[in-house]
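Taking it in order: structure first as structure tokens, then the write-up.
The values are calculated or read from the model by the stated rules, or taken from the named source; none is laboratory data. Note that the coordinates shown come from a computational prediction; the quantities given were computed from them, not determined experimentally. Cβ placement follows ideal geometry from the backbone for every residue including glycine, while neighbour counts extend to all protein chains displayed. Quick note on the areas: whole protein, heavy atoms, side chains included, nothing else; ligands and nucleic acids left out. Shrake-Rupley method; radii C 1.70, N 1.55, O 1.52, S 1.80 Å.
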Amino acid sequence: GSEMCIRDRAGMIWNELQEKFRTLREVFETYKQSGLDQDIHVNEIVRNIKIPLNETNNPLVRSCLEMKTFNIVNGVAMKIFPQDLACLLGTDTLAIVPIVCEHRCVGLLLADNLINQKPIDEEDVRKLHVYANLASQSIERSRLYLSLEEKIADLDEAYKALKESRDKLVQAERLSALGE
């Protein structure tokens with residue numbers, strides 16, 4: 001059906017990319033320059049994933065709560081992956097890696113084999129852990145930067161208030177001296 005057609009087309013694109021580019025950086029640069037970096041379809045899928053955290057049998061929730069990685073193969077048949085989520089993602093074979101900052105899960109990295117149909121092996125999962133660690137470091141740096149900006153703004157406000165108080169005090173002392 002149409003899923004097979006999408007899979008075949010994605011496989012062809014994947015093969016073209018492998019022939020055309022030597023490095024991942026070249027792929028990203030070309031993709032960015034093409035103006036296609038707004039991946040509408042993937043963003044739409046992500047927006048439609050809504051899972052209550054009390055669904056503790058859901059592997060996405062479990063990965064987040066337990067901060068544990070899962071490498072799931074044929075999850076629907078194995079009764080460990082919800083059918084509706086598999087339909088939304090287009091697969092029930094995927095790796096789920098938590099993105100952890102400050103000892104809490106702030107997101108999940110999902111990788112499937114829908115395009116290349118190759119098994120997701122332990123080396124792939126290890127690479128995903130590297131990406132998840134980089135993402136968590138970036139998120140943490142961003143949070144620290146925002147926190148630093150807030151503290152600088154607070155210090156600036158305190159400095160302005162102190163300067164105003166000083167100016168008022170100097171003015172009061174001048175008026176006092178004039179009175180004398």
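Could you please find all residues in segment 83-107 being within 28 Å of MET12 (Cα to Cα) and either assigned to a helix (DSSP H, G or I) or open to solvent by 60 Å² or more (accessible area, probe 1.4 Å) (or both)?
Of segment 83-107, the ones within 28 Å of MET12 (Cα to Cα) are 83-97.
If the condition is that a residue be within 28 Å of MET12 (Cα to Cα) and either assigned to a helix (DSSP H, G or I) or open to solvent by 60 Å² or more (accessible area, probe 1.4 Å) (or both), then GLN83, ASP84, LEU85, ALA86, CYS87, LEU88, LEU89 are the ones that fit.
Taking the conditions exactly as written (within 15 Å of LYS68 (Cα to Cα) and in contact with a Leu (Cβ under 8 Å, 6 or more places away or on another chain)), does ALA95 satisfy them or not? Don't jump to the end; show me each part of the working.
Values: within 15 Å of LYS68 (Cα to Cα): yes; in contact with a Leu (Cβ under 8 Å, 6 or more places away or on another chain): yes.
Judged against the criteria, ALA95 is a match.
Which residue pairs have Cβ atoms under 6 Å apart, sit 6 or more places apart or on different chains, and have a first residue in segment 160-176 that is exposed (fewer than 10 other Cβ atoms within 10 Å of the Cβ) and a second that is part of a helix (DSSP H, G or I) and aromatic (Phe, Trp, Tyr)?
Listed by first residue and then by second, the contacts come to nothing, as the list is empty.
Are any of the residues in segment 59-74 part of a loop (DSSP other than H, G, I, E, B), more than 20 Å from HIS129 (Cβ to Cβ) and out of contact with any Gly (no Cβ under 9 Å at 6 or more places or on another chain)? Working first, answer last.
Step one: filter segment 59-74 for residues part of a loop (DSSP other than H, G, I, E, B), giving 67-69, 73-74.
From the residues that got through so far, the ones that are more than 20 Å from HIS129 (Cβ to Cβ) too are 74.
From the residues that got through so far, the ones that are out of contact with any Gly (no Cβ under 9 Å at 6 or more places or on another chain) too are 74.
Checked segment 59-74: at least one residue is part of a loop (DSSP other than H, G, I, E, B), more than 20 Å from HIS129 (Cβ to Cβ) and out of contact with any Gly (no Cβ under 9 Å at 6 or more places or on another chain).
Just the residues that are crowded, with 16+ Cβ neighbours inside 10 Å and either closer than 14 Å to LEU60 by Cβ or without any contact (Cβ under 8 Å) to a residue 60 or more places away in the chain (or both), please, taken from segment 114-126.
ILE120, VAL125
Which of the following residues is loosely packed, with under 13 Cβ neighbours inside 10 Å and at pLDDT 70 or above: GLU3, GLU19?
On the way: GLU3 fails: at pLDDT 70 or above.
Among GLU3, GLU19, only GLU19 is loosely packed, with under 13 Cβ neighbours inside 10 Å and at pLDDT 70 or above.
If we keep just the residues of segment 46-69 that are open to solvent by less than 30 Å² (accessible area, probe 1.4 Å) and among the hydrophobic types (A, V, I, L, M, F, W, C), which is farthest from ARG126 (Cα to Cα)?
Taking segment 46-69 as the starting set, the residues that turn out to be open to solvent by less than 30 Å² (accessible area, probe 1.4 Å) are 58-61, 63.
With among the hydrophobic types (A, V, I, L, M, F, W, C) added as a condition, the list becomes 60-61.
Working: LEU60: 18, VAL61: 21 Å.
Step by step, filter segment 46-69, then rank; the result is VAL61.
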